[in-house]
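The values are calculated or read from the model by the stated rules, or taken from the named source; none is laboratory data. Note that the structure is a prediction, hence the values are computed from the model and not measured. Virtual Cβ from ideal backbone geometry, glycine too; neighbours counted across all protein chains shown.
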There are 2 protein chains.
Amino acid sequence: MSKFWSEVTRLTEPYVPGEQPKVKNMIKLNTNENPYPPSPKVLAALKGAVDGNLRLYPDPTADELCEAIAKAYDVAKSQVFIGNGSDEVLAFSFLAFFNQGEQILFPDITYSFYPVYANLYRLDYKEVPLNEDFTIPVEQFFHAEGGVIFPNPNAPTSIGLGLEQIEKILQNNPDKVVMVDEAYIDFGGESAVPLTRRYENLLVIQTLSKSRSLAGLRVGFAFGNEQLIEGLNRIKNSFNSYTLDRLALVGAKAAIEDTAYFEETRSKIIETRHRVIGELRQLNFTVLDSQANFLFMKHGRVDAKQIFETLKEKGIYVRYFNKSRIDQFLRVTIGTDEEMNRLMEELATGILS
Amino acid sequence: MSKFWSEVTRLTEPYVPGEQPKVKNMIKLNTNENPYPPSPKVLAALKGAVDGNLRLYPDPTADELCEAIAKAYDVAKSQVFIGNGSDEVLAFSFLAFFNQGEQILFPDITYSFYPVYANLYRLDYKEVPLNEDFTIPVEQFFHAEGGVIFPNPNAPTSIGLGLEQIEKILQNNPDKVVMVDEAYIDFGGESAVPLTRRYENLLVIQTLSKSRSLAGLRVGFAFGNEQLIEGLNRIKNSFNSYTLDRLALVGAKAAIEDTAYFEETRSKIIETRHRVIGELRQLNFTVLDSQANFLFMKHGRVDAKQIFETLKEKGIYVRYFNKSRIDQFLRVTIGTDEEMNRLMEELATGILS
């Protein structure tokens with residue numbers, strides 16, 4: 001605590017990201033990165049953009065990238081907002097659409113950055129308890145005083161919500177913004193982007209970090225009606241005119257345009273997930289039905305924290321949350337088949353015995 | 001205006017950056033970019049970092065870059081904060097150290113983003129009038145209720161302030177943060193970074209956009225005592241854990257380490273500036289004494305806006321501010337010698353006649 005800190009700084013409770021250990025040859029299944037590299041076309045585009053023009057500011061409106069995203073998702077360019085990772089898009093969205101004194105709603109078990117944003121901006125919030133089976137209690141999100149946010153699929157539960165359920169939440173919050181955080185949507189969920197045409201209160205947030213293998217490039221985006229996108233731009237242009245560097249703009253565009261590579265790698269992850277879920281259940285794990293690139297699972301007998309720590313000693317990093325309701329669960333990113341085989345071996349030949 | 005906008009969004013008055021025209025072969029002297037490309041070592045480092053590891057998150061603490069900066073500026077690593085351009089560092093700093101209800105001070109003629117940040121966070125501010133000669137009235141910044149920020153050299157005036165004057169401001173605000181925005185310091189000013197060892201209320205903000213030719217990479221940083229840096233990290237980690245992508249981290253480190261190229265290019269700009277100021281004065285321009293990579297000047301007879309528009313027609317972009325006290329001035333970035341010769345020719349052979 002310092003006398004120089006503002007009241008806001010004193011009251012923050014900063015987010016703690018998953019470990020980024022500097023250990024060689026580890027198997028990294030703890031922060032939901034994609035096990036496959038970015039598209040070769042992305043790498044080629046990035047190399048091509050490393051030149052003397054880096055002395056010049058980037059396009060502050062990210063025109064070309066907006067156009068590429070609009071084309072790929074069949075929306076108007078004016079319905080697309082770009083940010084420095086979906087975390088920045090979320091940070092702007094909370095400020096752009098939620099008001100102090102009006103309670104916002106999100107699940108009790110969800111992305112742990114939401115309460116951090118709410119604290120930063122002094123927003124009231126209520127954590128709505130998930131159902132016993134970790135599904136979202138849809139009716140509990142009706143008539144929110146300040147607005148709604150939830151991930152679909154939810155994290156860390158991996159469970160997806162159908163569009164008809166999302167429509168109910170939208171219809172029952174006509175005057176408040178409902179944010180659907182689709183960081184993991186490309187691994188089997190049903191995207192709400194088409195609903196942005198019909199619901200002016202819907203903001204859908206996506207990222208290149210997961211399904212496009214570009215966590216290292218920091219690009220996120222949002223879809224919504226023009227009024228919402230204009231609101232986001234007002235906040236962004238009051239904060240930082242140039243949020244994406246020239247390389248990120250070029251790499252992101254190439255990633256969006258390489259549909260074939262995107263389809264190939266996400267299919268591989270879905271296949272691996274399907275196989276591994278079956279094998280884990282045979283080892284007496286309860287594994288929730290996942291529509292994401294990670295699993296949420298607990299063992300019938302062995303303590304989750306113990307499994308987490310033993311795996312870490314073996315060089316396999318997964319994520320453990322010391323939080324009530326989920327402290328017997330592990331979140332495990334879907335890696336390559338080889339990585340998942342190593343995980344299964346370690347589990348089968350020692351940890352669970 | 002939309003019913004979905006928060007009160008904050010409704011009240012914002014977003015910053016308008018200088019034009020980034022998509023015109024070929026123009027001479028771009030309007031946004032204070034460096035006319036020389038980044039160091040060849042930066043480009044090589046960037047190319048080397050374009051690989052499959054872009055699938056992984058960057059280091060959220062920017063450890064290696066912090067170390068390189070600390071070494072280059074002879075401070076402790078814990079005294080360095082990194083951001084996505086100095087605009088983001090400024091945005092975090094306003095939130096981290098200034099409080100609602102406590103008036104902050106900055107000059108009336110200065111970087112026009114300051115009032116935008118203040119509006120975003122609902123901070124009270126007073127614009128302190130510069131002296132008639134556009135120098136900073138040092139005593140007017142004593143005993144600020146909420147804190148102080150000014151650029152050194154100031155922009156768009158280009159005039160620098162000596163360290164003994166800055167010390168007076170620091171000594172007369174012992175309980176409030178004084179921010180010195182050194183975006184242009186490397187072109188002849190005297191940096192306040194060494195003062196951070198003695199003044200716990202001093203935050204110095206710099207950028208790679210100008211003197212390191214990397215406006216396109218978006219890297220800024222701040223120096224201050226550990227308490228201030230911890231405050232900035234609390235805000236940053238409540239907003240976005242990963243503000244710099246893997247490429248920006250690598251390119252920035254290479255830029256900081258290539259001292260020889262930095263010295264060479266900034267010397268060239270200082271030399272060009274010296275020559276051009278002499279020539280402009282011969283053409284009846286009043287040119288303020290510049291310690292920056294731009295000039296602030298007005299003609300004895302011809303209207304500034306007219307010069308601005310005629311230059312634009314000729315493909316030469318400079319900056320004009322339609323603002324009282326300075327509406328007869330132009331801000332002109334120092335380009336290459338060839339670019340400045342073209343400017344002088346156009347001025348001498350038509351515009352002023």
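Name the residue that is surrounded by the most Cβ atoms within 10 Å (Cβ to Cβ), counting only residues in the range B:314-337 that are closer than 17 Å to B:Asn30 by Cβ and among the charged types (D, E, K, R). Step by step, filter the range B:314-337, then rank; the result is B:Arg331.
Within the set B:Leu311, B:Leu288, B:Leu283, the sole residue that is under 26 Å from B:Lys22 (Cβ atoms) and surrounded by 13 or more Cβ atoms within 10 Å (Cβ to Cβ) turns out to be B:Leu311. Screening the candidates B:Phe239, B:Phe223 for the property of being aromatic (Phe, Trp, Tyr) and facing another protein chain (nearest Cβ under 7 Å) yields one hit, B:Phe239. Of all residues in the range B:301-352, those satisfying the criterion of being modelled with pLDDT of 95 or more, among the polar types (S, T, N, Q) and not in a helix (DSSP H, G or I) are B:Gln328, B:Thr333, B:Thr336.
Annotation: A:Val42 fulfils all but one of (1) under 29 Å from B:Leu11 (Cβ atoms); (2) β-branched (Val, Ile, Thr); (3) outside the structural domain of A:Arg218 (by TED's automatic domain parsing); the unmet one is (1). Could you tell me whether the range A:246-268 includes any residue that is in contact (Cβ under 8 Å) with a residue 12 or more places away in the chain, closer than 30 Å to B:Leu217 by Cα and touching a Gly at 6+ places or on another chain (Cβ under 7 Å)? Scanning the range A:246-268 turns up at least one residue that is in contact (Cβ under 8 Å) with a residue 12 or more places away in the chain, closer than 30 Å to B:Leu217 by Cα and touching a Gly at 6+ places or on another chain (Cβ under 7 Å).
So is A:Ile109 assigned to a loop (DSSP other than H, G, I, E, B) and buried (at least 17 other Cβ atoms within 10 Å of the Cβ) or not? Criteria met by A:Ile109. Kindly indicate whether B:Asp74 is among the acidic types (Asp, Glu), at the interface with chain A (Cβ under 9 Å from one of its Cβ atoms) and out of contact with any strand residue (DSSP E or B) (no Cβ under 6 Å at 6 or more places or on another chain). Answer is no for this residue. Right, A:Val89: within 10 Å of chain B (Cβ to nearest Cβ) and in contact with a helix residue (DSSP H, G or I) (Cβ under 6 Å, 6 or more places away or on another chain) or not? No: the conditions fail for A:Val89.
For residues that are facing chain A (nearest Cβ under 7 Å) and under 11 Å from A:Arg234 (Cα atoms), tally how many sit in the range B:7-19.
Start the filter on the range B:7-19 by keeping residues that are facing chain A (nearest Cβ under 7 Å), which leaves B:7-9, B:12, B:14-15, B:17.
Going one step further and asking which of them are under 11 Å from A:Arg234 (Cα atoms), we end up with B:8-9, B:12, B:14-15.
Number of matching residues: 5.
Filtering the range B:1-46 to residues that are of a type in the set (A, V, I, L, M, F, W, C) and under 22 Å from the mean Cα position of the chain (by Cα) leaves B:Val16, B:Ile27, B:Leu29, B:Val42. Inclusion of B:Phe98 among residues that are under 21 Å from the mean Cα position of the chain (by Cα), hydrophobic (A, V, I, L, M, F, W, C) and modelled with pLDDT of 95 or more is warranted. Under 17 Å from A:Gly350 (Cα atoms), of a type in the set (Gly, Ala, Ser) and surrounded by fewer than 22 Cβ atoms within 10 Å (Cβ to Cβ): does that describe A:Ala260? Considered against the rule, which asks whether it is under 17 Å from A:Gly350 (Cα atoms), of a type in the set (Gly, Ala, Ser) and surrounded by fewer than 22 Cβ atoms within 10 Å (Cβ to Cβ), A:Ala260 comes out as no. Taking (1) in a loop (DSSP other than H, G, I, E, B); (2) surrounded by 17 or more Cβ atoms within 10 Å (Cβ to Cβ) in turn, B:Lys3 satisfies each apart from (2). Going by what's in this entry, would B:Asp175 be described as touching a Pro at 6+ places or on another chain (Cβ under 8 Å) and acidic (Asp, Glu)? Criteria not met by B:Asp175. Just one of the numbered conditions (1) among the polar types (S, T, N, Q); (2) within 19 Å of the chain's Cα centre (by Cα); (3) surrounded by fewer than 17 Cβ atoms within 10 Å (Cβ to Cβ) is not true of A:Ser158: (3).
To keep it simple, each residue is scored yes or no on (1) free of Cβ contacts under 8 Å to residues at least 60 places away in the same chain; (2) closer than 23 Å to A:Asn32 by Cβ; (3) not assigned by TED's automatic domain parsing to the domain that holds A:Glu182.
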position	(1), (2), (3)
A:Glu127	yes, yes, no
A:Asn131	yes, no, no
A:His143	yes, no, no
A:Pro153	no, yes, no
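Listed conditions (1) touching a residue at least 24 places away in the same chain (Cβ under 8 Å); (2) within 10 Å of another protein chain (Cβ to nearest Cβ); (3) surrounded by fewer than 21 Cβ atoms within 10 Å (Cβ to Cβ) are all met by A:Lys28, apart from (3). A:Ala70 falls short on exactly one of the conditions (1) in contact (Cβ under 8 Å) with a residue 60 or more places away in the chain; (2) outside the structural domain of A:Glu271 (by TED's automatic domain parsing); (3) of a type outside the set (D, E, K, R), and that condition is (1). Of the candidates B:Glu226, B:Glu230, the single residue that is more than 30 Å from A:Lys47 (Cβ to Cβ), surrounded by fewer than 16 Cβ atoms within 10 Å (Cβ to Cβ) and touching a Ser or Thr at 6+ places or on another chain (Cβ under 8 Å) is B:Glu226. On inspection, A:Glu279 qualifies as more than 24 Å from A:Ile185 (Cβ to Cβ) and either touching a His at 6+ places or on another chain (Cβ under 9 Å) or assigned to a helix (DSSP H, G or I) (or both). Scanning the range B:166-205 for residues that are basic (Lys, Arg) and more than 18 Å from B:Asn225 (Cβ to Cβ) turns up just one, B:Lys168. Applying the condition of being part of a loop (DSSP other than H, G, I, E, B) and of a type in the set (S, T, N, Q) to the range A:126-152 and asking which residue is nearest to A:Val116 (Cα to Cα) yields A:Asn152.
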